[in-house]
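First comes the structure, then the notes that go with it.
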Amino acid sequence: MEIKEHSTAISEASPEFHQRDMLLNVGPAHPAMHGIIRIIAKTSGEMVVDSEVEIGYLHRAFEKSCEDTTWNQALVYTDRLNYVSACINNVGYCMAVEKLLEVTLPPRGQYIRTLLCEISRISDHLTCVGASAMELGAFTVFLYMIKGREFLWELIEEYCGARVTTMATRVGGMPHDLPEGWLDKLTWTISEIRTILSECHTLLTKNRIFVERMEDIGVVSKENAVAWGFTGPCGRASGIEYDVRKDFPYLVYHEFDWTVPVGKRGDNMDRYLVRMEEMEQSLRILEQCRDKIPAGRVSVDDKRITLPDKQDTYGNIEGLINHFKLIMYGHGVRVPQGEVYFPVEGANGELGFYIVSHPDAHSTDGCNGMPWRVRCRPPCYNMVAGLRPMINNYMIADIVPTFGSVNMIGGELDR
């Protein structure tokens, strides 16, 4: 009785409770915002009632930098768009230039490009899922997936000497053929990645805590996904059956048997499941590439476009001059006048390059060794632009898994 009377006294003495909205800065210092994104969230208690998303502070003038280089020199800037899957950026840019040049790589060169693209796609998805899981407390999954990414990056490093900023292709072809024993290492790596994916499915896919944090959170309907221009895993998770590799085939994707996973609900869980299944499909593509890769040249047989072998560059004057003319500022590959747009399927969606070549005022061949205009259609930009309705009317704690499911890559937000 004494306790009851005491409780009543406290209740009567307590002031009336008032709840007010509060503005909360999430990022850019918050670790889940990856150092550049800032979200201003208007919260009512634990709910986000409105928000404003800034696209970040990583502005490096990618497009203008490309317009002040030769066609091949611009490749170093493409590496720094999606730096988790740089090989896809390299291939997309080179194929846009090659479309203007009206040249096509020999079959072996196309197969090598396909191999590098799918290895990069898997490494990108491993990074996304692993980091998202870690931000929800599943640190073991992050360690497993980063271990798998190491295996993939070792293959890329053995081919081109770099792991992140790869510059793995050239306009008109590849820098060289596959190293001896590379395909055998690929076979071993595929087996290891499958084991890792199986382990992570066990840890996450039916994990009650993970599922409750992901299901019915950050929902984007198919109509809204189309309106925002979502492509890639985010678009497909909302039911958009669009993949550049299927709808506008390039390289040798049309020669292989593989499927495009599509979700239904468009929530965080669907985006996770789509990425997990896309990695399985990429492994299928890699296996078919390995089994069907033909012999032959890896680059176009045209000295006006293709860089000479290193032994020719360092071994004879003709090779040295050829290399000098294709590389040095003011020379470069001579690209005829015109404009093209060429899309590829990046790890996060449609990655397109719109390039324009104007004739050099001093040229006699109507060509130019430098781009007049380079414009990139980065897939991440659309997803970050559409992030606001994905976090509004959900809890503050839901911001982190939703943002992680988008897989924002800061280098692509360079506007």
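The values are calculated or read from the model by the stated rules, or taken from the named source; none is laboratory data. Everything numeric in this text was worked out from a predicted model, so none of it was measured. Virtual Cβ from ideal backbone geometry, glycine too; neighbours counted across all protein chains shown.
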Please find, within segment 39-62, the residue that is nearest to residue 218 (Cα to Cα) out of those that are touching a strand residue (DSSP E or B) at 6+ places or on another chain (Cβ under 7 Å) and modelled with pLDDT under 90. 54
By residue number, the members of segment 268-285 that are buried (at least 20 other Cβ atoms within 10 Å of the Cβ), over 22 Å from residue 400 (Cβ atoms) and among the acidic types (Asp, Glu) are 278
Does residue 207 satisfy being under 23 Å from residue 406 (Cβ atoms), buried (at least 22 other Cβ atoms within 10 Å of the Cβ) and in contact (Cβ under 8 Å) with a residue 40 or more places away in the chain? no
Being in the same structural domain as residue 112 (by TED's automatic domain parsing), under 21 Å from residue 149 (Cβ atoms) and not hydroxyl-bearing (Ser, Thr, Tyr) narrows it down to one of 280, 241, so name that one. 280
Which residue, of 146, 156, is under 18 Å from residue 81 (Cβ atoms) and either surrounded by fewer than 23 Cβ atoms within 10 Å (Cβ to Cβ) or among the β-branched types (Val, Ile, Thr) (or both)? 156
Quick one: residue 180 ticks every box in (1) closer than 16 Å to residue 118 by Cα; (2) without any contact (Cβ under 8 Å) to a residue 60 or more places away in the chain; (3) of a type outside the set (Lys, Arg); (4) surrounded by fewer than 21 Cβ atoms within 10 Å (Cβ to Cβ) except a single one, so which number is it? (1)
Quick one: residue 109 ticks every box in (1) touching a strand residue (DSSP E or B) at 6+ places or on another chain (Cβ under 6 Å); (2) outside any helix (DSSP H, G or I) bar one, so which box is it? (2)
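Please count how many residues of segment 374-386 are touching an Asp or Glu at 6+ places or on another chain (Cβ under 8 Å) and surrounded by fewer than 21 Cβ atoms within 10 Å (Cβ to Cβ). Quick ask: steps written out before the conclusion?
Of all residues in segment 374-386, those touching an Asp or Glu at 6+ places or on another chain (Cβ under 8 Å) come to 374-381.
Subset that is surrounded by fewer than 21 Cβ atoms within 10 Å (Cβ to Cβ): 375, 377, 381.
Within segment 374-386, residues that are touching an Asp or Glu at 6+ places or on another chain (Cβ under 8 Å) and surrounded by fewer than 21 Cβ atoms within 10 Å (Cβ to Cβ) number 3.
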Scan of segment 40-80 for residues that are of a type in the set (A, V, I, L, M, F, W, C), in contact with a Leu (Cβ under 8 Å, 6 or more places away or on another chain), over 29 Å from residue 326 (Cα atoms) and surrounded by 15 or more Cβ atoms within 10 Å (Cβ to Cβ), ordered by number: 41, 53, 55, 58
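Return yes when residue 203 is over 21 Å from the mean Cα position of the chain (by Cα), at pLDDT 95 or above, under 30 Å from residue 398 (Cβ atoms) and of a type in the set (A, V, I, L, M, F, W, C) and no when it is not.
Numbers: over 21 Å from the mean Cα position of the chain (by Cα): yes; at pLDDT 95 or above: yes; under 30 Å from residue 398 (Cβ atoms): yes; of a type in the set (A, V, I, L, M, F, W, C): yes.
The answer is yes for residue 203.
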Restricting the first residue to segment 345-356 and requiring it to be of a type in the set (Asp, Glu), which pairs with a second residue that is not in a strand (DSSP E or B) meet a Cβ separation below 6 Å and a spacing of at least six or different chains? 345/243; 345/244; 345/245; 350/231; 350/244; 350/379
If I ask for residues that are farther than 15 Å from residue 130 by Cα and not β-branched (Val, Ile, Thr), which ones from segment 262-277 would you list? 263, 264, 265, 266, 267, 270
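Which one of these is surrounded by 20 or more Cβ atoms within 10 Å (Cβ to Cβ), under 28 Å from residue 274 (Cβ atoms) and of a type outside the set (A, V, I, L, M): 371, 389, 401?
Values: 371 fails: under 28 Å from residue 274 (Cβ atoms); 389 fails: surrounded by 20 or more Cβ atoms within 10 Å (Cβ to Cβ).
The unique qualifying residue is 401.
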What tally of residues in segment 242-267 results from selecting those that are aliphatic (A, V, I, L, M) and under 27 Å from residue 402 (Cα atoms)? 3
If you check residue 169 against the conditions, is it of a type in the set (S, T, N, Q) and either in contact with a Pro (Cβ under 6 Å, 6 or more places away or on another chain) or surrounded by fewer than 19 Cβ atoms within 10 Å (Cβ to Cβ) (or both)? no
Failed item in (1) crowded, with 18+ Cβ neighbours inside 10 Å; (2) over 20 Å from residue 385 (Cα atoms); (3) β-branched (Val, Ile, Thr), with residue 259 passing the rest: (1)
Taking residue 324, is it in a helix (DSSP H, G or I) and either modelled with pLDDT of 95 or more or surrounded by fewer than 16 Cβ atoms within 10 Å (Cβ to Cβ) (or both)? yes
Tell me whether segment 88-95 contains one or more residues that are assigned to a loop (DSSP other than H, G, I, E, B) and touching a Ser or Thr at 6+ places or on another chain (Cβ under 7 Å). no
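Would you check if there is a residue in segment 72-84 being assigned to a helix (DSSP H, G or I), closer than 23 Å to residue 290 by Cβ, in the same structural domain as residue 183 (by TED's automatic domain parsing) and not aliphatic (A, V, I, L, M)? Walk me through it before giving the result.
As a first pass, look at segment 72-84 and keep what is assigned to a helix (DSSP H, G or I): 75-78.
Adding the requirement that they be closer than 23 Å to residue 290 by Cβ leaves none.
No, segment 72-84 contains no residue that is assigned to a helix (DSSP H, G or I), closer than 23 Å to residue 290 by Cβ, in the same structural domain as residue 183 (by TED's automatic domain parsing) and not aliphatic (A, V, I, L, M).
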